[in-house]
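A short write-up of the structure that comes next.
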Amino acid sequence: EVRLSRRRWAVVLLFSSYSLCNAFQWIQYGSINNVFLRFYGVSAFAIDWLSMSYMLTYIPLLFPVAWLLDKRGLRLIALVGSAFNALGAWVKLGSLKPHLFPVTVLGQVICSLAQVFILGMPSRIASVWFGSHEVSTACSIAVFGNQLGIAVGFLVPPVLVPNVEDVDKLAYHISIMFYMTAGVATALFILVIIVFKEKPLHPPSRAQALMQSRPTEEYSYVQSILRLLRNPSFLLLMVTYGLNTGCFYALSTLLNRMVIHHYPGEEVNAGRIGLTIILSGMAGALISGIWLDRTKTYKQTTLVVYIMSLVGMVTYTFTLSLGHLWVVFVTAGMLGFFMTGYLPLGFEFAAELTYPESEGTSSGLLNVSAQIFGITFTISQGQIMDRFGTKAGNLFLCSFLFLGTVVTAFIKADLRRQRANLDSEQTVIQSGERPEGPRSSSALTGCSGR
């Protein structure tokens, strides 16, 4: 029996919230790179590694965590992820002296462990809890939290931690930020314990009903990964997703350095430019999710968004040094709308290409690709910027976005999940049953197959 659960919105919003908190902790150092650099007396590269630790930790731990997700389910992964997120926030409170940089590294590494339990969840939550007409929108909302966390991470640290000369005052301002983060992370962990459930009582879609009816012993995690790696369309998507998201990671990590280089003393506006990128990207993600639910044009939408990401990056590259901050805000907003809006598209396209494989495994492989490219691009662009300037560094990213655009054009739109919903619907109709069981029309609207 297919039926939608009212709890689904609480689950996706709670996940989105602790994902927000974790993403905030990722970028809180990078958004005021110059302040932490002076406070701890370390190099800019060392501060960059506080962000890159998230990417590095994810790569070896993806497969164990994805295996846990398949074997133990959503609730355990949610509990562990939110617990690590809170623990890392509290550890950072022990790093409020200039000589305690290793402690803040430890806290950030613990938070990066939490991220491994978060990044692969959006498409899985959407499929397990939401109907076929709302699954892409739900995935966009789940990704939303992570993006909003990065936005808050750009906006709040420059306000809470002004670039003052006195080290004791600086430590006080940093402690306020760390205490607030730890309090929010702890509250969210408690809410996960109370609210987050494994799955609804009834499957929300025909495709999910087919998945749940499959005998457990038929599923092999290793074989699932091998099948994914033998899927040519998914492999191409892995490369293109990694290129786009890796560029986004590098841009986010190095944004403060770029803006301060051309506009000295504008730490707060550097954060606001980052906020503009993310907020416009969130709008792009939501619009693309709704568009996919209505049209199911995965290949065409992904290609158009990729092309516009390239156009946005080229425009941003050549306007950053013009000397007009308002122009940077406009071009950064255009870039963010498409580059960040691409993230849920990749998850949902992967779920379509790889059905009935686990969404946690497919999205996890996409994220591994993103982390590898993210580390490579961040280190490479940082070195290029130091030697040849910010324009050369940004042109480096433009070249890889162009490569990703070309590769995207070769992905075959094999929409397997959509076909499963369609075939199941036709089977039910041919058998003379009502499509979704004896439920009210309002419940049927969100979960009827096509």
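The values are calculated or read from the model by the stated rules, or taken from the named source; none is laboratory data. Quick caveat: nothing in here was measured; it's all calculated off a predicted structure. Note that each Cβ is placed from the backbone with ideal geometry, even for glycine, and that neighbours are counted across all protein chains shown. In case anyone asks, the SASA skips ligands and DNA or RNA and just uses the protein heavy atoms, side chains included. Shrake-Rupley method; radii C 1.70, N 1.55, O 1.52, S 1.80 Å.
Comparing L343, L106, L335 in a Gaussian network model of the chain where C-alpha atoms under 10 Å apart are linked, the largest mean-square fluctuation is found at L106.
On C-alpha positions alone, give me the angle between the axis of helix 8-27 and the longest principal axis of the chain, in degrees, nearest 10. Taking the Cα atoms of the chain, the angle to 8-27 is about 20 degrees. Per-residue 3J(HN,Hα) values for the stretch 396-406, derived from phi via the Karplus relation 6.51 cos²θ - 1.76 cosθ + 1.60 with θ = phi - 60°, read 4, 5, 4, 5, 7, 5, 5, 4, x, 4, 5 Hz in sequence order (x marks Gly and Pro).
Eight or more residues apart or on different chains, and alpha-carbon atoms under 16 Å: count the Lys pairs in the chain matching that. Walk me through the numbers before you get to the answer.
Details: K71/K197; K71/K199; K97/K169; K296/K412; K299/K412.
Total qualifying Lys-Lys pairs in the chain comes to 5.
Ignoring ligands, DNA and RNA, what percent of the accessible area of the stretch 251-398 is carbon or sulfur (1.4 Å)?
Values: 3330 of 4770 Å².
That fraction is 70 percent.
Filter the trypsin sites (Lys or Arg not before Pro) in the stretch 225-257 down to the DSSP loop ones having no more than 13 other Cβ atoms within 10 Å, then list what survives.
Values: sites: R227, R230, R257; in loops: R230.
Answer in residue order: R230.
Taking A78, A151, A413 in turn, the Gaussian network model of the chain (Cα-Cα springs below 10 Å) assigns the largest fluctuation to A413. Computed from Cα positions, the angle between helix 267-295 and the longest principal axis of the chain comes to roughly 10 degrees. Taken along the Cα-to-beta-carbon direction at a fixed 7 Å, the label points for L229 and H202 span 4.1 nm.
Between 0 and 90 degrees, the angle of helix 44-72 with respect to the longest Cα principal axis of the chain falls at about 20 degrees.
Which values, in whole Å and largest first, are the semi-axes of the equivalent ellipsoid of the stretch 80-141 obtained as the square root of 5 times each eigenvalue of the Cα gyration tensor?
Numbers: eigenvalues 244, 15, 12 Å².
Taking √(5λ) for each eigenvalue gives 35, 9, 8 Å, largest first.
Judged by the mean number of other Cβ atoms found within 10 Å, the most tightly packed of the peptides 192-198, 81-87 leads the ranking 81-87, 192-198.
Note on R294 and R75: their simple-model spin labels are 3.8 nm apart, each label 7 Å out from Cα toward Cβ.
For the chain, the percent of C-alpha pairs falling in each 20 Å distance bin, counted from 0 to the bin holding the largest distance, reads 27, 56, 16, 1.
Structure remark: mean-square fluctuation, Gaussian network model of the chain, C-alpha springs under 10 Å; the largest value among Y54, Y241, Y263 belongs to Y263.
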